[in-house]
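Shown next, in structure tokens, is the structure this report addresses.
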Amino acid sequence: MILRESTEKNIYFCHMPNIEEITAHFRMEGVFISARLFGAGHINDTYLVNTGPGNSPDYILQRINQDIFTNIPELTNNILKTTHHLRQKLMAAAPEFERFQIIHLIPSNNGAFYFHDREGNFWRLYHFIDDGRSYNLFENRTMAYEAGRAFGLFHFLTSDMDPSILFVVLPGFHDVSLRLQKFRKTVALDPAGRVAAVKNEIRFVETRAEKMVAIQRLGEQGKIPLRVTHNDTKCNNVLFNAANEAIAIVDLDTIMPGYSLYDFGDAIRTGANTAVEDEADFRKAVIDLELFEAYSRGYLSFAGKFLNPVEIQHLVFSARFMTYLIGLRFLTDHIDGDHYYKTAFPGHNLQRARVQFNLLESMEEKAVEMEKIIAGLTG
Ligand code: ADP
Ligand code: GN1
Ligand code: MG
């Protein structure tokens, strides 16, 4: 047993698998020296693998969460198709983009880009971006601007890709009607006996439910296009160098067809927020308009070139929508007994949901200012 290193809470325990044996199945340079748990993701098990001698590269090894991702060959194909496209486009782009790195998968010995072990686990290896750091909150406007540029560039470079060539890794991932159905079913079943204690949160969800289908409706009406989207644009999925420049986007599991608004909204939810996602005092979580302006400016410096007017009109709403949706998912998981997200203590998911709901309320209060900021940037 080892203690999981996490920037969130240092109290996740898990068994340390035999990393040396697993990495031997990949075409890795250098010789295995050591490995440790790494990062603060809620989904996969992530290890930093050090190799030797001397300057031989380090790697990120991940056990992909199979409870969530059930078709790993197709998921891997999505990553390969998209990273290949991004790399080709970046090579042809202006030299100022040279600092952007596209993470790449290391082939396994049999030529696949994952290794399926005897216990049925799927493993993959990425090269490690060693000058990249991730943050659970942006510390200044430069970082928010840079993250906005990184996701804007991602959308821009993939805007000529046909999203239908991608596999739908998680059907209905951002489908709020489905999420509400699951929520209501879970509330009715009350499997962990937690419903009575979260009546206020349930009311909070229900009073906003009807309005939240707006983006889905725009899609159904053909007013916004399906694009190649990342679908998990939270701030710790961007890596920064020491000069606070964004140098890579990670966590590519959820790349699939989606709406640009989902990616924009999810990034604002975490990147223009004054508190971490599981802040104990949820009142600290409010929208920071300066970070919002900076992210939007960075994003629109690329996305302004191809978003349609309806997408632009709904940018501010998308931040409220994604904050609602993720709050709803945290609350559902809490009521369900914590089966989806990794948790470090009882009530962790409820704490996360409350942070989202407080943040959403502050976005509702600041909606007019947020609209003015977008109007000023797109004017
Ligand atoms: P999860 O799906 O569990 O969030 P991620 O793929 O986001 O897993 O990985 C967890 C963390 O590991 C990221 O937030 C980032 O800090 C770090 N990370 C992931 N891939 C790389 C990489 N190739 N180079 C450097 N750091 C990485
Ligand atoms: C998960 O993998 P990670 O920790 O970056 C989740 C996202 C949520 C996020 C909330 C596949 O992201 O959808 O927005 O937690 N990823 C999946 O922190 O469910
Ligand atoms: Mg992640």
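Only the coordinates and a few stated rules stand behind these numbers; no lab work does. In this text, all values refer to a predicted model and were calculated from it rather than measured experimentally. For neighbour counting, all protein chains shown are included, and Cβ atoms are generated from backbone atoms with ideal geometry for every residue, glycine included.
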Exercise. For D67 and V310 in one chain, what is 0.36 nm times their gap in residues minus the Cα-Cα distance, to one decimal in nm?
Worked result: 83.9 nm
For this session: Report Rg (one decimal) and Dmax (nearest whole number) for the range 5-131, counting Cα atoms only, units Å.
Result: 15.5, 46
Seminar exercise, completed: Per 20 angstrom bin, beginning at 0 and ending with the bin that holds the maximum distance, the Cα pairs of the chain fall in percents of 28, 60, 12
Problem set entry | Span from the the range 233-274 Cα centroid across to the the range 283-325 one, whole angstrom | 12 Å
Seminar exercise, completed: Counting only backbone N atoms under 14 Å from a point 7 Å out along Cα-to-Cβ of L170, the residues of the range 303-339 in range are 322-323, 325-333, 339
For this session: Mind putting a number on the dipole of the chain about its Cα centre? Charges go on the C-beta only, +1 for Lys and Arg and -1 for Asp and Glu, and I need it in Debye to the nearest 20.
Result: 680 debye
Exercise. Whole-Hz Karplus ³J(HN,Hα) for the range 344-351, in order, using 6.51 cos²θ - 1.76 cosθ + 1.60 and θ = phi - 60°, x for Gly and Pro?
Worked result: 10, 7, x, x, 4, 5, 5, 4
Exercise. For Q313, what charge total do you get from the other residues with a beta carbon under 14 Å from its beta carbon, if Lys and Arg give +1 and Asp and Glu give -1?
Worked result: +2
For this session: Would you kindly compute the Cα radius of gyration of the range 229-309 and its largest Cα-Cα separation (Dmax), both in Å?
Result: 13.5, 40
For this session: List the lysines whose Cα lies under 26 Å from the Cα of K89, skipping any in the same chain that are fewer than 8 positions away.
Result: K81, K234, K305
For this session: Identify the residues of the range 300-332 with backbone N under 19 Å of a label point that sits 7 angstrom from the Cα of N140 along the Cα-to-Cβ direction, or state none.
Result: none
Problem set entry | Full-stretch length increase - N109, S301 - with 0.36 nm per residue and alpha-carbon distance subtracted | 65.0 nm
Problem set entry | In the range 269-333, the trypsin sites (Lys or Arg not before Pro) that fall in loop regions by DSSP, at most 12 other Cβ within 10 Å | K305
Exercise. Tally Lys and Arg at +1 and Asp and Glu at -1 over the other residues with C-beta under 14 Å from the C-beta of Q66: what net charge comes out?
Worked result: -4
For this session: Kindly put H127, H348, H339 in sequence by how many other C-beta atoms sit within 10 Å of each C-beta, fewest to most.
Result: H339, H127, H348
